[in-house]
Amino acid sequence: MSHANSFRVAKGGACPPLKKYKINDIGKRRGMAIVIVLVFVMSLMVLGSSYIKNLSNVQPGNTRILDQIQAEFLAQGLHRIAILKFKKYPSDFYHAFIWNIEKRKGSRLQTLSPVAPDPIDSFHGPMNSILQNWNGIIGSCSIPLLSYSTTYRMISHKPYSRDGVEVYINLAVGKFSKEYKATFDVTRTRM
Amino acid sequence: MHLRTRRGVTLTEIMMAFLIMVMALLPISNLISFGHRGTQKDLRIVLAQELLVDRMNQLNAIPFKQLNPLIITGTHVRLTSRIFSGTNLEVPLGDIARHGATYTISATLTRVPASFTYRPVDFGDLDYDQASATSWRFKAEKEERFDAGTNPYKILRTQVYVNWTEPHPQKPRQIEAVSYVVDYED
């Protein structure tokens, strides 16, 4: 039966029960407001917890940046000291480095007297010296420096005239560690 | 009338729902203000790091021969106010206000004793041939010191400190960095 027919019947005759409208179903929606609010609150909680999570990630990030800044400045300073040493004793570095290459090749070399230290190790300096993990390197600063070391490498040379030298500084500050490399071109002039 | 039997959202339900919502929104509003405070704190740290990098770069760009005379007595000096004012080497130290916080910037210069070790080649050896490493003889290790004894100081430690106070709760903060300036001149 269509709605139009049922309306006509209702107007003309006895009123039939209105079962099709299911008015009582509305009554089953009781407590919907609480459900909606709970869903709303839950979604706000999820947003809030992700916000807190993001916020807690920012703080360690700032500490890492500070560690990196401190490591960079310390490495710059150590590079300057390493260059100063090379500038003072270029010929000793040149001989020590070339000799070490020959030694690694297995060439027959003159016996070292005294045997230790190897000339290149001597040039790099012993542990706890200014270029090798000296415990006074940061002075009174409270930088979380864990360790550092310095290594020289010659990448090209024209004996007693021109050298290409690399200085590597390995640094570990806090959770940050990096190898800093500086390359410099050296021309020697007779004074 | 049948429509009278229709039951919707009652006033009590609305009141309860509103109460739950208000109770949930209170900590969330606290969370938002906590987040805002966190952002402000981060901003202050970033600004402090920016000042630290700036002053370190300025200080380390000054040649050794200009920095060294700032140490008048002993081997150490603490600098708390502007140095080399009006010159291109100027480093602004002291109090600086930025974004509602006051940063105090100071620096220290320290003469650092150093010793360099190496094994010199025996150039006096008659077998010495510069072109052949197999002919080289090395002397015993030598150590040269730069500590104002036989040689003057060649190395200055530069340290910069940035201090400020965190407002909530009141807590002094400090960040610092260290580097070195050397004397390349003989």
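A:A33 satisfies every condition listed in (1) surrounded by 13 or more Cβ atoms within 10 Å (Cβ to Cβ); (2) modelled with pLDDT of 80 or more except (2). Looking at this structure, is B:W164 in contact with a strand residue (DSSP E or B) (Cβ under 6 Å, 6 or more places away or on another chain), crowded, with 16+ Cβ neighbours inside 10 Å and under 18 Å from A:P119 (Cβ atoms)? The answer is no for B:W164.
Collect the residues in segment A:54-78 that are among the β-branched types (V, I, T) and either modelled with pLDDT under 90 or surrounded by fewer than 16 Cβ atoms within 10 Å (Cβ to Cβ) (or both), keeping them in residue-number order.
The answer is A:V58, A:T63, A:I65.
Considering each residue of segment B:91-138, count those that are without any contact (Cβ under 8 Å) to a residue 12 or more places away in the chain and under 43 Å from the mean Cα position of the chain (by Cα), and give that number.
Here the count works out to 3.
Among the residues of segment A:114-135, write down those that are of a type in the set (G, A, S), surrounded by fewer than 18 Cβ atoms within 10 Å (Cβ to Cβ) and either within 8 Å of another protein chain (Cβ to nearest Cβ) or in contact (Cβ under 8 Å) with a residue 60 or more places away in the chain (or both).
At the first step, the residues of segment A:114-135 found to be of a type in the set (G, A, S) are A:116, A:122, A:125, A:129.
Filter again for surrounded by fewer than 18 Cβ atoms within 10 Å (Cβ to Cβ), leaving A:116, A:129.
Passing the criteria: only A:S129.
Among the residues of segment B:1-32, the ones that are at pLDDT below 80 and more than 9 Å from every other protein chain (Cβ to nearest Cβ) come to 2 in all.
A count restricted to segment A:111-136 and to residues that are over 16 Å from B:P120 (Cβ atoms) and outside any loop (DSSP other than H, G, I, E, B) stands at 3. Does B:T158 count as more than 7 Å from chain A (Cβ to nearest Cβ) and either within 30 Å of B:D54 (Cα to Cα) or at pLDDT 90 or above (or both)? Criteria met by B:T158. Scanning segment A:71-113 for residues that are among the β-branched types (V, I, T), facing another protein chain (nearest Cβ under 7 Å) and under 23 Å from A:N135 (Cβ atoms) returns a single hit, A:I81. For A:F176, state whether it is touching a residue at least 12 places away in the same chain (Cβ under 8 Å) and under 28 Å from the mean Cα position of the chain (by Cα). It is true that A:F176 is touching a residue at least 12 places away in the same chain (Cβ under 8 Å) and under 28 Å from the mean Cα position of the chain (by Cα). For segment B:42-75, the tally of residues that are within 13 Å of another protein chain (Cβ to nearest Cβ), over 17 Å from the mean Cα position of the chain (by Cα) and assigned to a helix (DSSP H, G or I) stands at 2.
The values are calculated or read from the model by the stated rules, or taken from the named source; none is laboratory data. Quantities reported herein were computed from a predicted structural model and do not represent experimental measurements. A quick note on method: Cβ atoms are made from the backbone with ideal geometry, for glycine too, and the neighbour counts reach across all protein chains shown.
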